[in-house]
Amino acid sequence: MGKVYRRSWVWHFDQPPEKIWPVFADTARFNEAAGTPPYRMEEIPRPDGSVLRIARARIGRMELEWEERPYEWARNKYFSQRRLFRKGPFKTFGPSLTLEAEGQGCKATYTLEGEPANLIGTILLRFGFLDRAGKLIERLALDAAAFAGGSRTRPFDVAPKLPEGAKERVAGMVAAIDTTPFGHGLSLRLADRLLTAQEVDLVRIRPLTLARIWQVSAREVIELCLVAVKVGMLELRWDLLCPRCRGAKESAATLAGLPTGAHCQSCNVDYEREFDHNVEITFRPSPQVRSLSHGEFCLSGPMTTPHVMLQQILAPGQKRTVSAELGHGDYRLRLLGPSTASDIFFGTDGFPTIIADPQRILCGVPAMPGFVNIENRTEREATIVVESRDWVIEALTAHRVTALQAFREQFSAEILRPGDEVAISHITLMFTDLQGSTALYTRIGDAGAYHLVREHFAFLAEAVRANNGAVVKTIGDAVMAAFVQPADALRAAIDVQRNVARFNAANAAAHGAETIVIKVGLHGGSCIAVTLNDRMDYFGSTVNLAARLQSESRGGEIVMSASLAKDPAVAALMVGLPPMEQTIRIKGIDELVTFVRLTEQALRKAPA
């Protein structure tokens, strides 16, 4: 090995490590802000199941090629990486960062280390390359710390090159969004982000992330992004996420174009489509608004996979103890690449020793609090990963978005391929119908009844949309609606029954003394989603039981399955609504069905 050149910089920040980490460990953001050009990546599977990652980039006239080694890190503690070059002035090069608590703040030590491959590399490293790089990194680090402390609205200032006329074009799009009910006063914020944010924020826009950043309703941001597609401000993509690295290894412009499975070259694993877990809808700027670069600013940095708490590379037979503070919760222990994972719940004891065995990941004796023991018993290098199991928390799944009224209204053509079907692990369905509709048609005639029924459909759709659901279809006078969250379904049902008197009063001028009485049935469970009559529909025993429970309503009531009533969020809503439990036999269902009835009197007397 030749001479290794190393320079370190030390900064003291007022913010604690957990505030500094998210911005400093966002290596892709740092690289973009530093002006580093994006690179192209080739992933080559090896016979042992690991993956060789070869990156290529050009800086001026210089061609660079290197092996992209995985980063090592412990969240809020440190990260490091070393690139092994095949072309260029360096043999190896890489950064490292260490964060240490210091009173209410922290001490950050940043190091750049390089080994020259030739005379040019020696000259660069000996005569100022590291110092110049360090000055740039220091400026960015101070900006990032100011952002972490709240004195900057963005980590770094960027001046993107926009297409000609982009600002004027976007102004027109904002005006178009604001004419719809889906802008929610957020269109200017979205426009500003598209025109001024870094590319790393725009390659894959997640509405739930924006909702968290902006501290507004998730449904409002989802609706904003959907209507922004309609006016040409955004493009949408359906991504098939790898369950390990969260990367979108297959993407399509339409839901029908998304395959049923994919291969992740980064992890060297095959995986299947799970509609409610790893099919995500994301957005990016339309090219007429903002053109994005091709390539990666950093493929493997810690914040590329923020659900990974700890990642360590161990040689064959190596043991290591790592300082790591992991909160109590559900974790998955695995190797980078194909392997059998272990899911654990970390409670009050020390974190279990992680053992990479040739066949699987094993859990050993607990480590001391604040530490993790790792052991590699395999005959090859192993990259051991500890990841949080809540990684999909900000992924807007296909299951969730297709159960929203705004999506159904604006993207009715987004359907599955004919003959395709997807399993849905849980959805809550609401069926409604009018009590005595046949007599209603007789009393006021077909034309009058038709208009009243249509107005009642709009009334129901308003309640469904306001509670994060979607009307799937109408069947005669009946409505079928879908909700991802069980509590949202009950809220919608309560809104319907409590506001039907207001609806009747508002329609008295047109329909005289005629009033409607609505029956509601609710049930949740698994089903399949298919395309029928050019729309996405749901089928299965869950659908059948929800429809049958609606028929048990006597009008003005809500009838729901006992299993749905036991859901914790649903039970919390039912406080003050004394239920009546009944068990009956329903035609077509072998077992007795127990359901809960919320009477009209209970709904009227209970506090809103």
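Every number in this text was worked out from the coordinates using simple rules, so none of it is lab data. This is a predicted model, so every value here is computed, not measured. Here the Cβ positions follow ideal geometry from the backbone for every residue, glycine too, while neighbour counts run over all protein chains shown.
Centre-to-centre, using Cα atoms only, the stretch 138-163 and the stretch 1-51 are separated by 17 Å. Based on alpha-carbon atoms, the Kirkwood radius and the radius of gyration of the stretch 411-605 give Rg/Rh equal to 0.97.
Taking label points 7 Å from Cα along the Cα-to-Cβ direction, PHE127 and ARG389 give a separation of 5.9 nm.
If a/c stays under 1.5 just call it rounded; otherwise compare a/b with b/c (prolate if a/b is bigger, oblate if not). Do that for the stretch 62-137, with a ≥ b ≥ c from the square roots of the Cα gyration tensor eigenvalues. Cα axes put the stretch 62-137 in the oblate bin.
From its DSSP helices (H runs of at least four residues, each -39,500 (n - 2.57)), the chain gives a residue-normalised ellipticity at 222 nm of -9000 deg cm²/dmol. Here is the P(r) of the stretch 5-148: all C-alpha pair distances, binned every 10 Å from 0, give 11, 37, 34, 16, 2 in whole percents.
Count Lys and Arg as plus one, Asp and Glu as minus one, and take only other residues whose Cβ is under 14 Å from that of GLU102; the net charge is then 0. Loop-located chymotrypsin sites (Phe, Trp or Tyr not before Pro) across the stretch 119-210 with a Cβ neighbour count of 13 or fewer within 10 Å are PHE127, with loop assigned by DSSP. Straight-distance candidates among the aspartates and glutamates for linking to LYS161, with alpha-carbon spacing under 16 Å and chain neighbours fewer than 8 residues away dropped: GLU32, ASP192, GLU199, ASP201. Here the stretch 307-388 yields Rg over Rh of 0.92, to two decimals, using C-alpha coordinates and the Kirkwood radius. When the Cα gyration tensor is reduced to axis lengths a ≥ b ≥ c, the ratio a/c is 1.5 or higher for the stretch 354-430, and with a/b above b/c it is classed as prolate.
Can you check how the C-alpha radius of gyration of the stretch 8-62 compares to 2.2 N^0.38 Å, as a plain ratio? Could you put the intermediate results ahead of the total?
Values: Rg = 16.7 Å, N = 55, 2.2 N^0.38 = 10.1 Å.
In units of the globular-protein estimate, the stretch 8-62 measures up at 1.65.
Computed packing ranks the peptides 312-323, 331-342 as 331-342, 312-323, most packed first, by mean other Cβ atoms within 10 Å. When the alpha-carbon atoms of the stretch 159-250 are used, the pair Rg, Dmax equals 13.8, 42 angstrom.
For the stretch 340-395, the square roots a ≥ b ≥ c of the C-alpha gyration tensor eigenvalues yield an a/c of 1.5 or more together with a/b not exceeding b/c, which makes the shape oblate.
Helix 218-230 and the longest principal axis of the C-alpha atoms of the chain enclose an angle of approximately 90°.
Among the trypsin sites (Lys or Arg not before Pro) found in the stretch 49-120, those both in a DSSP coil and sparsely packed, with 12 or fewer other Cβ atoms within 10 Å of their Cβ, are ARG61. One chain, two ends: THR260 and GLU63. Fully extended at 0.36 nm per residue, the span grows by 67.1 nm beyond their Cα-Cα distance. The relative contact order of the chain comes to 11 percent, based on Cα pairs under 8 Å that sit 6 or more residues apart. Counting Lys and Arg as +1 and Asp and Glu as -1 over every other residue whose Cβ lies under 10 Å from the Cβ of ALA461, the net charge comes to 0. Radius of gyration over Kirkwood radius for the chain, both on Cα atoms: the Rg/Rh ratio is 1.04. Per-residue Cβ neighbour counts within 10 Å put VAL464, VAL570, VAL453 in the sequence VAL453, VAL570, VAL464, beginning with the fewest. The lysines within cross-link reach of LYS87, meaning a Cα-to-Cα straight distance under 30 Å and a gap of 8 or more places when in the same chain, are LYS3, LYS135, LYS249.
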